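The values are calculated or read from the model by the stated rules, or taken from the named source; none is laboratory data. Please read these numbers as outputs of a predicted model, since none were measured by experiment. Note that each Cβ is placed from the backbone with ideal geometry, even for glycine, and that neighbours are counted across all protein chains shown.
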Amino acid sequence: MQLNAEQSVRPVLSWLKQRVSVRDTQIESWRGGVHLPDQKHLSNRRHIRHAPLPRMLCVPLGWNGREAQPVVVPGQRVLKGQAIASGVGTAVWVHAPTSGIVKRIMPVPVAPGTQMPTCIVIESDGEDEWGMLEPLAREETSIDTLSAFLMQKGLVGLGGAGFPTGLKLKGGDRTIDTLVVNGAECEPFITCDDRLMRERALSVLQGVQVLANTLQVDRVRIGIEDNKPTAIRRMQEACAQIHSNIEVVEIPTRYPAGSLRHLVKALTGRTIPEGALPAAIGVTALNVATAFAVGQAVLEGRPLISRIVTVTGLCERPGNFEVPIGMGVRQLIGLALPQPDARGVHVGGPMMGESLAHRMSVVAKTTSCLIVGARSLLPPRPEPTPCIRCSRCADACPVGLQPMELFRASSNDNRPLLATLKINSCIECGACSYVCPSNIPLRDTFRQQKRAQAKR
Amino acid sequence: MYVIKSTPALMLAVAIALMPGMVLHGLQFGPAVWLQVGICLVAALLAELAAAFYRQVGLVKTLADCSWVPTGLLLGLSLAPLTPIYLDLLATIVAINLIKHGAGGMGQNRINPAMGGLMVVALAFPTLLYPAPSAHAPWLAQVDLAQAWQAILRIGPRLHFDAMASATPLANHYQGGFSVHWSVFGYLLGGLALAALRVIRLEIPLMLLASCALTCVALGESWADSLTELLYGGLMLAAFFIATDPVTSPVTFKGRLVYAALIGALIGTVRRFGLYPDGICIAVVLCNLLVVDIDRRMRPAVFGNPPAGR
Ligand code: SF4
Ligand code: SF4
């Protein structure tokens, strides 16, 4: 085989470019980011397993102060999928993950344990008996109808912050012409979307199609990081099978490729202006797991009562589990057979997640991953030393901030300078903290600073 | 992504990368070089200890950042061999106690400690510094350790060879014609190794050397002379080890290009016209002082925001 000259020179060039810190903006759609050891192999080899029904489920009614109103009373029997709390305003409805008796309504810590929303405690009767399921009539395709329907089915974004999907679809005035589906899964350790795409590619696509038809978009692009070749292949095969024009796009593995702004930029070339929603540039974006859940809700009438959670780290049998919402975190971890000496649990990815603050926490709709043995797998960074202005953090920042300057301004609480430096554009991805040779907790500082400013 | 992941390791990497150049320098010019470097290193350690004591910061914490090691080595390599010991000490104290700890410790200083220390000594005591025998003089290699001690302590008879008026190894205007400094190749090697390990940014030395040569040409020297100029003295040391000090150089790529180009141009100019042979330390210190403004003017655009005004 003839090796063309350009191919052989390219690695040398990119090596050199790294040394002189020029960013290659031609092959990269955005600058910065970091390559992380992905640790996906720990949990991506096994099929998704169904978690056995626990005896008790504590189903959270919401979070961040956005809570649904209970419509059941203690002592009442509920069926699987039956609405147990009704959404008001921006809160989504909540449903019973299995059949059983409502025991109590009380606050319970929800993973990672920093919030204690009201939860409905259900004692399972072991029957797992479904209530009535009402799919959306197929002809109905107006955005408002779908949006209201998804609120009623309890749909929230399963990738990140858990924003109600119905509200997201409503968007703004501009017509949406592109649907971006996020299968990047750029955080190390997490493999729930990977397994979902491998095993249920067709169902994911069905959900995507429902959304695409309703929104009447011209283009649908699914972005998947190239460290998931099997998922990419399965999704492409599924697309071919249903003759859809959905494009499966392989994107380079680079954290945070799955960040909303960065994925949209990579897949559409458009930049979401600071402070705006993707709708402002004609894009709607959601995660593959959310698209799957949309499909389940619309076509089969199943509300969001379970999700896939990765349990990984120091376990004998790590992997992905289909978990009813409200299952105890400790019980779930037990299914993966943690090693006896594993200490500490981390909730979410190692970059954006937090360590489990309360042992009795339950799985929420936003819980994507549990890393067991966090104390040895993700040890705390050593004491910080002074900044030496090496500018590694600036090179790593995917939004082009100057973290070393932001840090100095934060330490002095210099608000005008922080505004000039655009602290509000920080997506709190932690790439800067990751590369800092002085172990400065840059991201945590910015997060605190932003919260403190928001309070005032 | 990065082979060298912690700040003390970065400092030690710089120190280790200095070794090839230092060894070649020592082989070419004899024990006086080793003595000089040794004295400056010990002085840097003592200065650091003193700072830990009077600033009441933990001893271990202060020493553990290791930034005194490259500072000591750089001072030792850039001061002329056989400089009186009290000037060595003065330069070290200015560098570590005044410039670094005076600013609040590692990372806070705005000018490179070694260059600042060197500049103070060079400007304040030119008469004491310059009559020191030139590092370029081949006879320096013949001075043995005992003689070197006597010379730097200023005891015993003054070493009197045909010492030509010259200066520190960072300067090059001496009358003896061109003789290759072996150390140049060592510094080049060490510097490239640092760039490969991503400890320093290659754009700084490349731009600095290019700009220095071009300036010399612009000022009327021949191309051959200008390029030979690059092989003189400590220019290579400055390009790879001094101008690349992250603390005192800009934090953006464009900023670094501007900064390095300015240093190169200043060195070329000062060498051509200046009174001070130590063009390098003055050029570096001046440009260090410009870094804050360069950084402010060259902030990159933030994703999703209109291009930054400033
Ligand atoms: S990576 Fe750390 S040490 Fe380097 S410039 Fe940023 S904050 Fe400073
Ligand atoms: S946490 Fe903020 S400042 Fe740090 S790299 Fe991410 S976006 Fe940039």
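Worth pointing out:
- Residues that are surrounded by fewer than 22 Cβ atoms within 10 Å (Cβ to Cβ), closer than 20 Å to B:C281 by Cα and either modelled with pLDDT of 95 or more or of a type outside the set (S, T, N, Q) (or both), drawn from region B:212-235: B:A213, B:L214, B:L230, B:L231, B:Y232
- Each residue in region A:308-340 was checked for being touching a Gly at 6+ places or on another chain (Cβ under 8 Å) and surrounded by fewer than 16 Cβ atoms within 10 Å (Cβ to Cβ), and 1 pass.
- Residue check, A:V72 in a loop (DSSP other than H, G, I, E, B), at pLDDT 80 or above and either away from chain B (no Cβ under 14 Å) or more than 16 Å from ligand 2 (Cβ to nearest atom) (or both): yes
- Scan of region B:78-116 for residues that are under 16 Å from B:T244 (Cα atoms), away from ligand 1 (no atom under 16 Å from the Cβ) and not polar (S, T, N, Q), ordered by number: B:I111, B:P113, B:A114, B:M115, B:G116
- Scanning region B:58-114 for residues that are over 13 Å from A:P386 (Cα atoms) and of a type in the set (V, I, T) turns up B:V60, B:V69, B:T71, B:T83, B:I85, B:T92, B:I93, B:V94, B:I96, B:I99, B:I111.
- Of the set (1) within 12 Å of ligand 2 (Cβ to nearest atom); (2) part of a loop (DSSP other than H, G, I, E, B); (3) within 14 Å of another protein chain (Cβ to nearest Cβ), all apply to A:M352 but (3).
- Residue pairs meeting the criteria (Cβ under 8 Å; at least 6 apart or on separate chains; first at the interface with another protein chain (Cβ under 8 Å from one of its Cβ atoms) and more than 15 Å from A:C436 (Cβ to Cβ), in region B:1-17; second part of a loop (DSSP other than H, G, I, E, B) and not small (G, A, S)): none
- Qualifying residue in region A:95-116 (condition: assigned by TED's automatic domain parsing to the domain that holds A:R330, among the hydroxyl-bearing types (S, T, Y) and more than 24 Å from the chain's Cα centre (by Cα)): yes
- The set of residues in region A:75-92 that are hydrophobic (A, V, I, L, M, F, W, C) and assigned to a loop (DSSP other than H, G, I, E, B) comprises A:L79, A:V88, A:A91, A:V92.
- Tally of residues being under 16 Å from the mean Cα position of the chain (by Cα) and aliphatic (A, V, I, L, M) across region B:244-269: 5
- Here B:L286 clears all of (1) surrounded by fewer than 19 Cβ atoms within 10 Å (Cβ to Cβ); (2) within 26 Å of B:L24 (Cβ to Cβ); (3) among the aliphatic types (A, V, I, L, M); (4) under 15 Å from the mean Cα position of the chain (by Cα) except the condition numbered (2).
- Options A:R447, A:R443, A:R375, A:R359; residue that is under 24 Å from the mean Cα position of the chain (by Cα) and more than 27 Å from A:E185 (Cβ to Cβ): A:R359
- Candidate set from region A:405-431 (those that are in a helix (DSSP H, G or I) and more than 24 Å from A:G275 (Cβ to Cβ)); member that is nearest to ligand 2 (Cβ to nearest atom): A:R408
- Picking from residues in region A:393-417 that are facing chain B (nearest Cβ under 8 Å) and in contact with a Pro (Cβ under 7 Å, 6 or more places away or on another chain), the one that is surrounded by the fewest Cβ atoms within 10 Å (Cβ to Cβ) is A:G400.
- Test set (1) touching a residue at least 12 places away in the same chain (Cβ under 8 Å); (2) facing chain B (nearest Cβ under 10 Å); (3) not aromatic (F, W, Y) - A:T420 fails condition number: (1)
- Checklist (1) under 23 Å from the mean Cα position of the chain (by Cα); (2) within 8 Å of ligand 2 (Cβ to nearest atom) applied to A:L401, failing item: (1)
- Residue list for region A:388-405, filter: near ligand 1 (Cβ under 8 Å from one of its atoms) and within 18 Å of B:N305 (Cβ to Cβ): A:A394, A:P403
- Taking strands (runs of 3 or more DSSP E) as the structural unit, those lying wholly within region A:279-340 and holding at least 3 residues that are more than 22 Å from A:D38 (Cβ to Cβ) correspond to A:283-287, A:319-324.
- For region A:431-444, a residue qualifies if it is over 18 Å from A:G400 (Cβ atoms), out of contact with any Pro (no Cβ under 7 Å at 6 or more places or on another chain) and near ligand 1 (Cβ under 10 Å from one of its atoms), and exactly one does: A:P437.
- Subset of region A:432-456 (residues that are within 10 Å of another protein chain (Cβ to nearest Cβ) and near ligand 2 (Cβ under 10 Å from one of its atoms)): A:Y434, A:V435, A:C436
- Test: residue in region B:14-22 that is closer than 24 Å to B:V120 by Cβ and within 16 Å of ligand 1 (Cβ to nearest atom): yes
- One residue stands out in region A:365-392 among those that are more than 9 Å from chain B (Cβ to nearest Cβ), among the charged types (D, E, K, R) and away from ligand 2 (no atom under 16 Å from the Cβ): the one that is farthest from A:P338 (Cα to Cα), namely A:K365.
- Among the residues examined, A:A364 qualifies as out of contact with any helix residue (DSSP H, G or I) (no Cβ under 7 Å at 6 or more places or on another chain), within 17 Å of A:F321 (Cβ to Cβ) and in a loop (DSSP other than H, G, I, E, B).
- Any hit, region A:280-292, residues being over 29 Å from A:V94 (Cα atoms) and away from chain B (no Cβ under 14 Å): yes
- Of the residues making up region B:56-68, not a single one is touching a His at 6+ places or on another chain (Cβ under 6 Å) and not assigned by TED's automatic domain parsing to the domain that holds B:L290.
- Evaluation of A:R261 against (1) surrounded by fewer than 24 Cβ atoms within 10 Å (Cβ to Cβ); (2) more than 16 Å from ligand 2 (Cβ to nearest atom); (3) at pLDDT 90 or above (one fails), failing number: (2)
- Failed criterion for A:G275 (all others in (1) in contact (Cβ under 8 Å) with a residue 12 or more places away in the chain; (2) away from chain B (no Cβ under 14 Å) hold): (2)
- Qualifying residue in region A:389-408 (condition: over 24 Å from A:P37 (Cα atoms), among the small types (G, A, S) and modelled with pLDDT under 95): no
- Where helices (runs of 4 or more DSSP H) sit wholly within region A:142-250, those with at least 2 residues that are free of Cβ contacts under 8 Å to residues at least 12 places away in the same chain occupy A:229-241.
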